[in-house]
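> Supplied in structure tokens, the structure appears directly below.
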Amino acid sequence: WNWLHPGQGDLAPRLSNWPDVFRLLGPAAAGQPLSIILDEFPWLIEADTAMPSYLQHAWDQHLSDTRVKLILSGSHISAMAKLLRSDAPLYRRLTGKLLVEPFTFSELTPFLPRYSPDKRLAVYAMLGGVPDYLLQWDDRKDLKANIQTLFLSRRSTFRGEEEVLLSDVLRRNDPDYRTVLAGVAQGQRDLLDIATAANLPSDRTSAVLEQLIDMHLVENRIRASVPTDKHHQ
């Protein structure tokens, strides 16, 4: 409002719902380029499940003929993948999809300039290429000291990270996923052996494994996907 009406902040309307917000964006983008970024979009959907429908209506009625660039971003892969399904409100309204990949091993040097290649490889084996993890590694210290600080200390930000990642991807608080993964991590490969290690019925163990595999396949499909409709933003 302040951007459209400088110095008239006291006249700004009270907006109590998202449709009104989107309706005001149309005039704002009518005669000039405008970029709108809705970060962590899955949290908006969680707060209001009708959000994709609001956005679909706003796009079709108010924004499609403007110069707006609307960017939806989120870190929850499963929730973002639902936006791409054929029964989703925003289906075929996307210009493109971009999965932000972790860094490759060859791109680790700026994070760990003091380390030799073999030490960087050891760090990569532990952390992968996630920038936030790499920023917490101190290459002024040796591997053992970093492991102690980041993985073993009670104050470590990595403690419980596996549960956070599971809840981010699966959007549920279910201990079964943790126990099944623990069984696999212990070396169990047969369904019955995994079920025994997890202390779960085999049918429940199978359902958990299928969900985990499905999430892996969804991530791979997003990686391999290409823009669907060049005529819509």
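The values are calculated or read from the model by the stated rules, or taken from the named source; none is laboratory data. No experiment lies behind these values; they were computed from the predicted model shown. Positions of Cβ are backbone-derived with ideal geometry, glycine not excepted, and every protein chain shown enters the neighbour counts. Calculation scope for accessible area: heavy atoms of the full protein, side chains included, ligands and nucleic acids excluded. Shrake-Rupley method; radii C 1.70, N 1.55, O 1.52, S 1.80 Å.
> Need the full-extension length gain, Ala47 to Leu15, defined as separation in residues times 0.36 nm minus the C-alpha distance. One decimal, nm.
9.9 nm
> Give the separation of the Cα centroids, the stretch 62-114 to the stretch 14-44, in Å.
Using only Cα atoms to place each centre, the spacing works out to 18 Å.
> Considering every pair of different Cα atoms, what Kirkwood radius, in Å, is found for the stretch 12-79?
Kirkwood radius, the stretch 12-79: 12.7 Å.
> How large, in Å, is the stretch 68-169 by the Kirkwood hydrodynamic radius built from its alpha-carbon pairs?
16.3 Å
> Evaluate E = 1/(1 + (r/R0)^6) for Asp138 and Leu38, where r is the Cβ-Cβ distance and R0 equals 45 Å; express this FRET efficiency to the nearest 0.05.
Once rounded, the FRET efficiency stands at 0.80.
> Which of Leu121, Leu11, Leu165 ends up with the largest GNM mean-square fluctuation for the chain, with Cα atoms connected below 10 Å?
Checking each option, the largest mean-square fluctuation is seen for Leu11.
> Now a separate question. From the C-alpha coordinates alone, can you work out the Kirkwood hydrodynamic radius of the chain, in Å? Mind dumping the intermediate values first?
Numbers: mean 1/r = 0.0464 Å⁻¹.
In the chain this quantity evaluates to 21.5 Å.
> Hey, another quick one. Taking the chain as the reference, fit the longest principal axis to its C-alpha atoms, fit the long axis of helix 161-170 to the helix C-alpha atoms, and give the angle between the two in degrees, 0 to 90, nearest 10.
Taking Cα atoms only, the helix is inclined about 50 degrees.
> Sticking with this structure for a sec: At 0.36 nm per residue, minus the direct Cα-Cα distance, what do Asn2 and Asp203 gain on full extension? Give it in nm, one decimal, please.
Details: separation 201, 0.36 × 201 = 72.36 nm, distance 5.73 nm.
Here the segment from Asn2 to Asp203 would lengthen by 66.6 nm.
> List the lysines whose alpha-carbon lies under 20 Å from that of Lys119, not counting same-chain residues fewer than 8 positions away?
Cross-link targets: Lys141, Lys144.
> Dividing the convex hull volume of the alpha carbon atoms of the stretch 78-121 by its residue count, what do you get in Å³ per residue?
Hull volume normalised by residue count: 102 Å³.
> For q values of 0.12, 0.19, 0.23 Å⁻¹, compute log₁₀ I(q)/I(0) with the Debye formula on a Cα-only model of the stretch 29-117, without solvent.
Once normalised to I(0) and log-transformed, intensities are -0.50, -0.91, -1.22.
> Using a 1.4 Å probe, what is the accessible area per residue for the chain, in Å²?
Heavy-atom accessible area per residue stands at 65 Å².
> Ok, one more. So for the chain, taking the charge dipole from beta-carbon charges (+1 Lys/Arg, -1 Asp/Glu), which of Leu72, Gly31, Ser116 sits furthest toward the positive end?
In the chain, that residue is Ser116.
> Considering the dipole of the chain built from charges on the beta carbon (Lys and Arg +1, Asp and Glu -1) around the Cα centre, which of Pro131, Gly183, Ser156 is farthest to its positive end?
The residue sitting farthest along the positive end of the dipole is Pro131.
> Here's a follow-up. Could you please state how large a percent of the accessible area of the chain is carbon and sulfur, counting protein chains only and using a 1.4 Å probe?
Whole-percent figure for carbon plus sulfur exposure: 54.
> Assigning unit charges at the beta carbon (Lys, Arg +1; Asp, Glu -1) and nothing else, what dipole magnitude in debye, to the nearest 20, does the stretch 45-145 show about its Cα centre?
For this selection, approximately 200 debye.
> Are there chymotrypsin sites (Phe, Trp or Tyr not before Pro) in the stretch 1-31 that DSSP puts in a loop and that have at most 16 other Cβ atoms within 10 Å, and which ones?
Trp1, Trp3
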